[in-house]
1. How compact and how long is the chain, expressed as Rg and Dmax of its alpha-carbon atoms in Å?
2. Once you've got the GNM for the chain with C-alpha springs shorter than 10 Å, pick whichever of Pro147, Pro104, Pro200 has the biggest mean-square fluctuation.
3. Which value in nm describes the separation of the simple spin-label points at Ile32 and Val197, placed 7 Å from the Cα toward the beta carbon?
4. With r as the distance between the Cβ atoms of Glu78 and Ala105 and R0 = 25 Å, compute the FRET efficiency 1/(1 + (r/R0)^6) and round to 0.05.
5. Please give the Cα centre distance for region 187-238 versus region 1-65, rounded to the nearest Å.
6. For Glu48 and Ala16, FRET efficiency with R0 = 25 Å and r from the beta-carbon atoms, rounded to 0.05?
7. Quick one: if you stick a label point 7 Å off each Cα along the C-beta vector at Leu25 and His156, how many nm between them?
8. So, with +1 on the Cβ of K and R and -1 on the Cβ of D and E, and no other charges, what is the size of the charge dipole of region 101-185 about its Cα centre, to the nearest 20 debye?
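Each value in this text was obtained by applying a stated rule to the coordinates, not by laboratory testing. Treat the numbers as computed from the prediction; the structure is a model and nothing was measured. So basically every Cβ, Gly included, is an ideal-geometry build from the backbone, and we count neighbours across all protein chains shown.
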Amino acid sequence: MFEATPTESVLAQVRAHDFGADTVLERGAHRIDAIVAIDRGVRALQAEQVAQVAALHDERTKVMGLGQGDPTISVIGEISLARNIGPTAAGTQVGLALVMARMPAVFDLFATGVISEATARAVANEVDSLSVDDVIIADDELAQTIPGMTTVQARHTAARVVIGIDAEAAYMRARRNRADARVSMFPEKDGVATLHVRGPAEQILAAYKALDTWATGLRSTGDPRTRGQIMCETLVER
């Protein structure tokens, strides 16, 4: 119902539509159409925001000469303050903007709502290690293949494309990622917290399997605790 509605008019048309006047059979279908159209609008707005970030970075780069600071750090700080988000989140958006500026075909998919911001970011993370010329090749190939894919599928596809174009660049990116090991703690409500661990997959898998095996063994002997409780308490004890 809203498929042909221009992106900039989606919100107004959805709000103006009288869903109560639809038949019972039509109402659900029309609401689904509205949800899809709004999703297209959200993606277009996100893409425009990314384009504005890229333009701001370009302007700051031209204004800030040698010895006047790092334009990327400057933009991250400005975005962080303007959007009331942390520097890490702002840096992630600036990074996405810089890659999308080099991938016009994939960005067009983002701007027209064909792919989500999550998918655009996944692709950007994979191709970021490529040279300027190789990004052009990846952009053309990915724009033809990722429409209709989930974010995970697009990420895997982008990884294969990068390996096909420049295996060494893919290897160096993997090395950097594996070296970026860290542990983070996120407080939650009611005296609960989440511990987030990032590291080489085989090491994380080995740690998880050790906890899982230990919990399975204790459960088989009659331990009344849940598997999750045993794994958590064992992790803390060790």
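1. Every Cα atom of the chain included, Rg and Dmax give 23.1, 69 Å.
2. Pro200
3. For Ile32 paired with Val197, the spin-label model returns 4.3 nm.
4. 0.30
5. Their Cα centres are 42 Å away from one another.
6. In this case the efficiency is close to 0.65.
7. For the pair Leu25/His156, the computed spacing is 3.9 nm.
8. 500
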